[in-house]
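Below: one structure, written as structure tokens.
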Amino acid sequence: MVTRVATVAFEGIEARAVDVQVQIAPGAVAFTVVGLPDKAVAESRERVRAALIASGLALPAKRITVNLAPADLPKEGSHYDLPIALAVMGAIGALPEDALSSYCVLGELALDGSITAVAGVLPAAMAANGRGLGLICPAATGPEAAWAAGDMDVLAPRSLIQLANHFKGSQVMARPRPAIAAPAGTMPDLRDIKGQEGAKRALEIAAAGGHNLLFNGPPGAGKSMLAARLPSILPPLDPRELLEVSMIQSVAGQLKDGALSNRRPFRQPHHSASMAALVGGGLNARPGEVSLAHGGVLFLDELPEFTPQVLDSLRQPMETGEVMIARANHRVTYPARFQLVAAMNPCRCGMALEPGYTCRRGRTSVAPRNTAPASPDRSWTGSICASKSPRSPLSTSSCRRRRKARRRPPPGSRRRGIGRAPGLPARPCRLPPPMRPVRPP
Amino acid sequence: MPASTTNATCPASLIEEAAAPDAEGTALIRHAAETMRLSARGFHRTLRVARTLADLDGEERVRRLHLAEALSYRGRTEGVAAARPMPSPTA
Ligand SMILES: Nc1ncnc2c1ncn2[C@@H]1O[C@H](COP(=O)(O)OP(=O)(O)OP(=O)(O)O)[C@@H](O)[C@H]1O
Ligand SMILES: [Mg+2]
């Protein structure tokens, strides 16, 4: 006889349906997993065996075969432990078999039978809800799963024993509550910037229209400082964006305590970041920085220090809003629509744009030093570049107007404005003239 | 169209319509397209930024002044991004 438990395999942020089938048959004692499992999945049987023993269940001295169907879909990750264990428990009669048929299950097992958090619970919960199933997931990720639908059945047990008690009816678990992340402290404020009216204006325009932005100027002029203050003037995510952004963070394993945040992401990868870290890939084809910046800002400080391969890899996401990661036997696509903000010095000494300077050390360009330019068309570096000429200071009225500007509603429809940008100075501030670095004699 | 569409990400056809400048503005962008040798993409990007500038001014229509400001940002970017020949040390 075959026991079945529903689970998922991830393709990007999509959770595809996978069926765990367990058969216990007479024959040589063995425990095998088939159905295109990767290494972490194959190791799962050791964890399952140990966790079952720790929970007081002995595996029968028979042939146990686990099949992950469909067999042609690659299975990666450690979240198959729990569905396999539950299917085995169903097969040996430790759980009522019909109890499992209305759930989709994912989770990793520790050797002591406790259930460890896994990535991707939010998309799994959405997919389960779409299939009319409930969800069994690790306790730590319960708040994340609860976001999928208000009336969905979600069980978030700490251990196999707790789950068995729930089904026996001796200790019924409560449904976890959806959690929203507390705002993480105060954000750096645009008010801290003295002068640089032109750059502030550019920052405001970029925030309003979602435009890309390149700051180019001498060291110490405040480029990094300005960029760090962009999140404070961006509008919060709207509910649909929130879910999409959170699904990416969920698959990346970056949702802290299962709580979602309506802050726009601001990602600042270091220039030594690898290609896989930036565009995604590596183990389990996790999303990279470009996808983690989806709906928010990707800030590349010291732009010319990034390698040409890395910069070139940004072209596809910037044109299409998605990034495709090619794997050995399949492809994964993640959303990657971000606003690119970059900062650089105009030349190696940083002073080339200053009046009265001629740099003797050569200008920087987005193409790397010592290498031929990687691409003939570098227009992606930005539609706005911060000018350093003084301009009128920011005012509250421009802050109000920004609300109108951020969204371009489709023709023939009216959309409500976004909330007030929190970080702007409430009154026009009086500022000293733009800062210039001190010139050498 | 997704709710998250911004001036920067909306389709080119839509921005052409939403940022169609007045007569003076049209003359300016035509002229600039020739003198600055704007590509089609560069043209659309200028319109996008001009649309945001008009939005910030609370105006329905993109005007010459918005296009001029948008083009001014573009000019600076080009001057930096284009890899110019290194100035010779004796110059
Ligand atoms: N406009 C400004 N207003 C107030 N403080 C400033 C300003 N510009 C620079 N500073 C001060 O100088 C420090 C360095 O600024 P920042 O790191 O932003 O410079 P940068 O332009 O990024 O330089 P680099 O090209 O070396 O990266 C800031 O931490 C801040 O204390
Ligand atoms: Mg800096």
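Within the range B:46-85, take every residue that is facing chain A (nearest Cβ under 7 Å) and at pLDDT below 55 and give me the one that is farthest from B:Leu14 (Cα to Cα).
Filtering first and then ranking leaves B:Arg84.
Suppose we keep only residues that are without any contact (Cβ under 8 Å) to a residue 40 or more places away in the chain and touching a helix residue (DSSP H, G or I) at 6+ places or on another chain (Cβ under 9 Å) within the range A:7-39. Which one would you say is surrounded by the fewest Cβ atoms within 10 Å (Cβ to Cβ)?
In this case the residue turns out to be A:Thr32.
Restricting the search to the range A:220-261, which residues are in contact with a helix residue (DSSP H, G or I) (Cβ under 7 Å, 6 or more places away or on another chain), of a type in the set (Ser, Thr, Tyr) and within 16 Å of ligand 1 (Cβ to nearest atom)?
Matches in the range A:220-261: A:Ser232 only.
Can you name the number of the only condition in (1) within 13 Å of ligand 1 (Cβ to nearest atom); (2) modelled with pLDDT of 90 or more that A:Ser159 fails?
(1)
Restricting to the range A:204-219, name every residue that is over 25 Å from the mean Cα position of the chain (by Cα) and within 14 Å of ligand 1 (Cβ to nearest atom).
Scanning the range A:204-219 gives A:Phe215, A:Asn216, A:Gly217, A:Pro218, A:Pro219.
Residue under question is A:Ser232, and the condition is that it be crowded, with 16+ Cβ neighbours inside 10 Å, modelled with pLDDT under 90, out of contact with any Ser or Thr (no Cβ under 8 Å at 6 or more places or on another chain) and in a helix (DSSP H, G or I); does it hold?
Against the criterion (crowded, with 16+ Cβ neighbours inside 10 Å, modelled with pLDDT under 90, out of contact with any Ser or Thr (no Cβ under 8 Å at 6 or more places or on another chain) and in a helix (DSSP H, G or I)), A:Ser232 qualifies.
Among A:Ser224, A:Ser232, which is the only one that is within 16 Å of ligand 2 (Cβ to nearest atom) and more than 14 Å from chain B (Cβ to nearest Cβ)?
After applying the criteria, what remains is A:Ser224.
On the basis of being away from chain B (no Cβ under 14 Å) and touching a strand residue (DSSP E or B) at 6+ places or on another chain (Cβ under 9 Å), does A:Ala207 make the cut?
When the stated conditions are applied, A:Ala207 does not pass them.
Filter the range B:9-36 for residues that are charged (D, E, K, R) and in contact (Cβ under 8 Å) with a residue 12 or more places away in the chain and give the result.
B:Glu16, B:Asp22, B:Glu24
Confirm whether A:Ala174 is within 21 Å of A:Val245 (Cβ to Cβ), in a loop (DSSP other than H, G, I, E, B) and away from ligand 1 (no atom under 16 Å from the Cβ).
The answer is no for A:Ala174.
Among the residues of the range A:237-250, are any within 16 Å of ligand 2 (Cβ to nearest atom) and among the acidic types (Asp, Glu)?
no
Checking A:Ala206 against (1) farther than 21 Å from B:Thr52 by Cβ; (2) touching a Leu at 6+ places or on another chain (Cβ under 6 Å), only one condition comes out false. Which one?
Going through (1) farther than 21 Å from B:Thr52 by Cβ; (2) touching a Leu at 6+ places or on another chain (Cβ under 6 Å) one by one, A:Ala206 breaks only (1).
Kindly indicate whether any position in the range A:154-164 is hydroxyl-bearing (Ser, Thr, Tyr), assigned to a strand (DSSP E or B) and assigned by TED's automatic domain parsing to the domain that holds A:Ser101.
Yes - at least one qualifying residue is present in the range A:154-164.
Tally the residues that are assigned to a helix (DSSP H, G or I) and more than 30 Å from the chain's Cα centre (by Cα), restricting the search to the range A:47-69.
6
Conditions (1) more than 20 Å from the chain's Cα centre (by Cα); (2) surrounded by 23 or more Cβ atoms within 10 Å (Cβ to Cβ); (3) farther than 19 Å from A:Thr3 by Cα; (4) of a type outside the set (Gly, Ala, Ser), marked per residue:
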| residue | (1), (2), (3), (4) |
| --- | --- |
| A:Asp98 | yes, no, no, yes |
| A:Gly107 | no, yes, no, no |
| A:Asp112 | yes, no, yes, yes |
| A:Ile136 | yes, yes, no, yes |
| A:Asp153 | yes, no, yes, yes |
| A:Leu160 | yes, yes, no, yes |
| A:Ala164 | yes, no, no, no |
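Sort through A:Ala181, A:Ala128 and tell me the only one that's surrounded by 14 or more Cβ atoms within 10 Å (Cβ to Cβ) and modelled with pLDDT of 90 or more.
None of the others qualify; the one that does is A:Ala128.
What pairs come out if I take residues in the range A:298-312 that are away from chain B (no Cβ under 14 Å) and over 9 Å from A:His271 (Cβ atoms) and pair them with residues that are within 11 Å of ligand 1 (Cβ to nearest atom) and at pLDDT 90 or above whose C-beta lies under 7 Å away, six or more apart or interchain?
Here the result reads A:Phe299/A:Ala227, each pair linking the range A:298-312 to a residue that is within 11 Å of ligand 1 (Cβ to nearest atom) and at pLDDT 90 or above.
Could you grab me the full set of residues in the range B:1-23 that are surrounded by 12 or more Cβ atoms within 10 Å (Cβ to Cβ), more than 10 Å from chain A (Cβ to nearest Cβ) and in a helix (DSSP H, G or I)?
Result: B:Ala12, B:Glu16.
Tally time: how many residues in the range A:262-286 are in a loop (DSSP other than H, G, I, E, B) and crowded, with 20+ Cβ neighbours inside 10 Å?
Within the range A:262-286, residues that are in a loop (DSSP other than H, G, I, E, B) and crowded, with 20+ Cβ neighbours inside 10 Å number 3.
Looking for something more than 14 Å from every other protein chain (Cβ to nearest Cβ), away from ligand 1 (no atom under 15 Å from the Cβ) and touching a residue at least 60 places away in the same chain (Cβ under 8 Å) - is there at least one such residue anywhere in the range A:187-194?
Among the residues of the range A:187-194, at least one is more than 14 Å from every other protein chain (Cβ to nearest Cβ), away from ligand 1 (no atom under 15 Å from the Cβ) and touching a residue at least 60 places away in the same chain (Cβ under 8 Å), which makes the answer yes.
Give me the residue from the range A:197-221 that is farther than 16 Å from A:Leu300 by Cα and within 13 Å of ligand 2 (Cβ to nearest atom) and, out of that set, surrounded by the fewest Cβ atoms within 10 Å (Cβ to Cβ).
My answer is A:Gly220.
Which of the following residues is within 16 Å of ligand 1 (Cβ to nearest atom) and assigned by TED's automatic domain parsing to the domain that holds A:Ser250: A:Gln316, A:Gln268?
Within the list A:Gln316, A:Gln268, the selection yields A:Gln268.
The values are calculated or read from the model by the stated rules, or taken from the named source; none is laboratory data. Just so we're clear, the structure is a prediction, and the values are computed from it rather than from any experiment. All Cβ positions, even for glycine, are placed from backbone atoms using ideal geometry, and neighbour counts span all protein chains on display.
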